[in-house]
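The values are calculated or read from the model by the stated rules, or taken from the named source; none is laboratory data. Everything numeric here is computed off the predicted structure, so don't read it as measured data. Cβ atoms come from the backbone with ideal geometry, glycine included; neighbour counts cover every protein chain shown.
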Amino acid sequence: AEDGYDLWLRYKPLASAEPLPRAIVAQDNTPTVKAAVAELQRGLSGLSGRRISVAKNVSAPSVVLTRLTTPEAGLGNEGYMIREGRQNGQPVVRIRANSDIGLLYGAFAYLRRIQTGATTDTTDAPKVRLRLLNHWDNLDGTVERGYAGASLWDWWRLPDLQDPRYTDYARANASIGINGTVLNNVNAKAASLTAPYLDKAAVLADTFRPYGIRIYLSARFSAPIELGGLKTADPLDPAVRAWWKAKADEIYAKIPDFGGFLVKANSEGQPGPQDYGRTHEDGANMLAEALGNRGVVMWRAFVYKAEVADDRHKQAYSEFKPHDGQFAPNVLVQVKNGAIDFQPREPFHPLFGAMPKTPLMMEFQITKEYLGFATHLAYLGQYYEETLRADTFQNGQTGWSVARVVEGEHHALSGMAGVANIGTDRNWSGSHFDQANWYAFGRLAWNPQGSAHDIATEWAKMTFTPDPRFVTPVVALMMRSRETVADYMTPLGLHHLMDTGHHYGPGPWVDNLGRPDWNPVYYHKADDKGIGFDRTRTGSDALSQYDLQAQKFWADPKSMDERYLLWFHHLSWDYKTRSGRPLWDELVLTYDKGAKEAAAMQQTWAEMKPYVDAERFKAIASTLRIQAREAKWWRDASIAYFQSKSGRPLPAGVAAPE
Ligand code: GCU
């Protein structure tokens, strides 16, 4: 059935008569080489419609996997080289790498190149060391912000039941270069660190290991109290330090290649070092010491608290920037793409470029908490690219894109994390197009300077068909889709307007939550005179956290990209926008445009019918129908609400909200 389970690894027969290899030749049989051979066999037999044999020597057109005896420096531990040549009078494709995992990545790359019509010869290596999924999965099987069914981890039946789906999960991730996964929610339960759960996690680690994927756990900072019976979790207390060291030793006895800890501390009510008057680095460095050179600590910079009355936008920077250079060598600070919370559009986080002495790990959200869950189509590759390409002007120098900061050229460690959008749904991601966001995340983690357009093209070819009559319009639709969502939800730099708790649907009017910084009205500040959040010197001055040159992107409403306008400026309804129209008219027209574009996506998709199987065609058509309806809901509700503030008439030709 075309239910999407195969993701981009469908391997359907190719229309082109390109002769494909008939055999796979590999020297040895390690678990990883076996995985590479199995994938090539599966892929090539699917694509060619012929049986593919596995041989020790070349006696037919073959793919030859070779681990290099003299290491090739440029390839590192995970890179590969693919070259066409001849051997024993036969055409061969040679995949070479310094390591087994490089061979596996090379095998996936070769299959991808066949499917996307790229030339065979290539050399490639990842630019980022840690390429991780973060699962916000709870031990009870629910997934925080998960819209694709339940958690994949069947804690109840583990460690005995080893679901074959775990292997498919590993294949899919390895195919895009993901090399680690954090199994549990950042809002962690201490129980995940107990022996029974470690035994279960060890089975997952064993399954993922041949695919180059290490497992990591979110650690609850107060675990020494909850599990160890200690009176404190103070990171400077010797008993606490000893507890974590013993815990790390226990983990490594079960999972020798355990990757390390992800920690959410002193954020949204989670325990942390500040509970004891200590700093983030006190906490992070204590865990880093417990792991030693066996693993890393990913310490999250997503911190904000009610007691700080200042603009939430500024809190992470204020807490972390002064501590640059004080983290242990095996600590990375994990920073969300923007300073608020995965909004449909955010300027890059001011910490990027501001902590040159600390490896900063990017945290993107793949699951679409604020972009319509798995129901609305929004291709996030375009969003990730926008963030990664922004110039931070680190050390006052131009050319320090966020991508370059993340690649961390001066650091031994670098990383990118994506909050996973996958679960037990048959199609993994809740909707077919959301698979593309998983795919794009992996490809950009491998190469943060990659092109979102190229990645969407690859994905569309592999997942559906290489037929340009499909690929061209669908990629165009994907590339536009996230702008469309931003237009009908949060145009012109507005943000955090989603309804309370679930974050689905409009709630710009909400003003009664316990904490001001949870209320949408705190973010748009609309009244009868104007709208927007002044983050310049006359307001919260969050803008000053950026380098002077980066500030120029947003300092002047007249010259800036208006898609960020109300993120940084509070302006009068009559303010004249670049179009010449008053701000009020521009706002309404942008909402209207977003809703219209969402409706038009259905038409584009309808034209794709000849190129798509009926099952996926219908499933996608149905979610696009929901999206169009809900885009109108967003448009109508938002225009009506903001009109109650502005008191102005709608611009000519715009339909009144229903
Ligand atoms: C968001 C999200 C929470 C999550 C938090 C985090 O606020 O709504 O569910 O726990 O981010 O990233 O820690």
Would you check if E385 is among the acidic types (D, E), outside the structural domain of L548 (by TED's automatic domain parsing), within 25 Å of L492 (Cβ to Cβ) and more than 16 Å from the ligand (Cβ to nearest atom)?
-> yes
Given the conditions (1) part of a helix (DSSP H, G or I); (2) of a type in the set (A, V, I, L, M, F, W, C); (3) free of Cβ contacts under 8 Å to residues at least 24 places away in the same chain; (4) within 18 Å of A595 (Cα to Cα), every one holds for F617 apart from (4)
If you go through K357, K368, the only one that is of a type in the set (K, R), within 16 Å of the ligand (Cβ to nearest atom) and modelled with pLDDT of 95 or more is K368
Hey, any hits in the range 562-578 for a residue that's assigned by TED's automatic domain parsing to the domain that holds D499, of a type in the set (S, T, N, Q) and either closer than 30 Å to L377 by Cα or part of a helix (DSSP H, G or I) (or both)?
-> yes
Residues of the range 308-345 that turn out to be within 13 Å of the ligand (Cβ to nearest atom), among the hydrophobic types (A, V, I, L, M, F, W, C) and either not assigned by TED's automatic domain parsing to the domain that holds S401 or not in a loop (DSSP other than H, G, I, E, B) (or both), as a count | 2
Residue selected from the range 558-577 under the condition farther than 14 Å from D487 by Cβ and in contact with a helix residue (DSSP H, G or I) (Cβ under 6 Å, 6 or more places away or on another chain), by the criterion surrounded by the most Cβ atoms within 10 Å (Cβ to Cβ) = W567
Taking first residues from the range 290-301 that are in the same structural domain as P273 (by TED's automatic domain parsing) and within 16 Å of R241 (Cα to Cα) and second residues anywhere that are within 16 Å of the ligand (Cβ to nearest atom) and of a type in the set (V, I, T), the pairs with Cβ under 6 Å that are 6 or more apart or on different chains are none
Hey, among Y546, Y523, which residue is touching a His at 6+ places or on another chain (Cβ under 8 Å), closer than 26 Å to G353 by Cα and among the hydroxyl-bearing types (S, T, Y)?
-> Y523
Tell me which residues, restricted to the range 482-529, are of a type in the set (G, A, S), at negative phi and away from the ligand (no atom under 16 Å from the Cβ).
-> A486, A526
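A quick yes/no check of all residues on (1) within 30 Å of R629 (Cβ to Cβ); (2) free of Cβ contacts under 8 Å to residues at least 60 places away in the same chain; (3) crowded, with 23+ Cβ neighbours inside 10 Å:
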site	(1), (2), (3)
E363	no, no, yes
E369	yes, no, no
A378	yes, no, yes
G381	yes, no, yes
Quick check: anything in the range 412-420 surrounded by fewer than 20 Cβ atoms within 10 Å (Cβ to Cβ), away from the ligand (no atom under 16 Å from the Cβ) and in contact (Cβ under 8 Å) with a residue 24 or more places away in the chain?
-> yes
Could you check, for the range 570-586, whether at least one of its residues is over 19 Å from R635 (Cα atoms), of a type in the set (D, E) and modelled with pLDDT of 95 or more?
-> yes
Can you name the residue in the range 509-560 that is part of a helix (DSSP H, G or I) and charged (D, E, K, R) and is also farthest from the chain's Cα centre (by Cα) among such residues?
-> K552
Out of the range 184-213, which residues are more than 16 Å from the ligand (Cβ to nearest atom), buried (at least 21 other Cβ atoms within 10 Å of the Cβ), not small (G, A, S) and not in a helix (DSSP H, G or I)?
-> I213
All-but-one check, E363 against (1) more than 16 Å from the ligand (Cβ to nearest atom); (2) outside any helix (DSSP H, G or I); (3) touching a Gly at 6+ places or on another chain (Cβ under 9 Å); (4) not small (G, A, S), failing number (1)
Look through E369, E407 and report the one residue that is among the charged types (D, E, K, R) and more than 25 Å from Y5 (Cα to Cα).
-> E407
Could you figure out which of (1) in a helix (DSSP H, G or I); (2) within 16 Å of the ligand (Cβ to nearest atom) isn't true of L111?
-> (2)
Got a number for residues in the range 135-166 being touching a Ser or Thr at 6+ places or on another chain (Cβ under 8 Å) and within 16 Å of the ligand (Cβ to nearest atom)?
-> 12
Hits in the range 223-272 (condition: more than 16 Å from the ligand (Cβ to nearest atom), small (G, A, S), in contact (Cβ under 8 Å) with a residue 40 or more places away in the chain and not in a strand (DSSP E or B)) = A233, A248, G259
Among residues of the range 275-307 being within 16 Å of the ligand (Cβ to nearest atom) and surrounded by fewer than 17 Cβ atoms within 10 Å (Cβ to Cβ), the residue nearest to T232 (Cα to Cα) is K305
Any residue in the range 1-8 that is exposed (fewer than 15 other Cβ atoms within 10 Å of the Cβ) and modelled with pLDDT under 95?
-> yes
Select, from T120, T66, the only residue that is polar (S, T, N, Q), under 30 Å from A412 (Cα atoms) and more than 16 Å from the ligand (Cβ to nearest atom).
-> T66
Which condition number does Y439 fail, the rest of (1) within 29 Å of S151 (Cα to Cα); (2) without any contact (Cβ under 8 Å) to a residue 24 or more places away in the chain being met?
-> (2)
Result of the Cβ filter at 6 Å on the range 128-146, keeping first residues that are of a type in the set (D, E) and partners that are within 12 Å of the ligand (Cβ to nearest atom) and not in a loop (DSSP other than H, G, I, E, B), at least 6 apart or interchain, is D137/V143
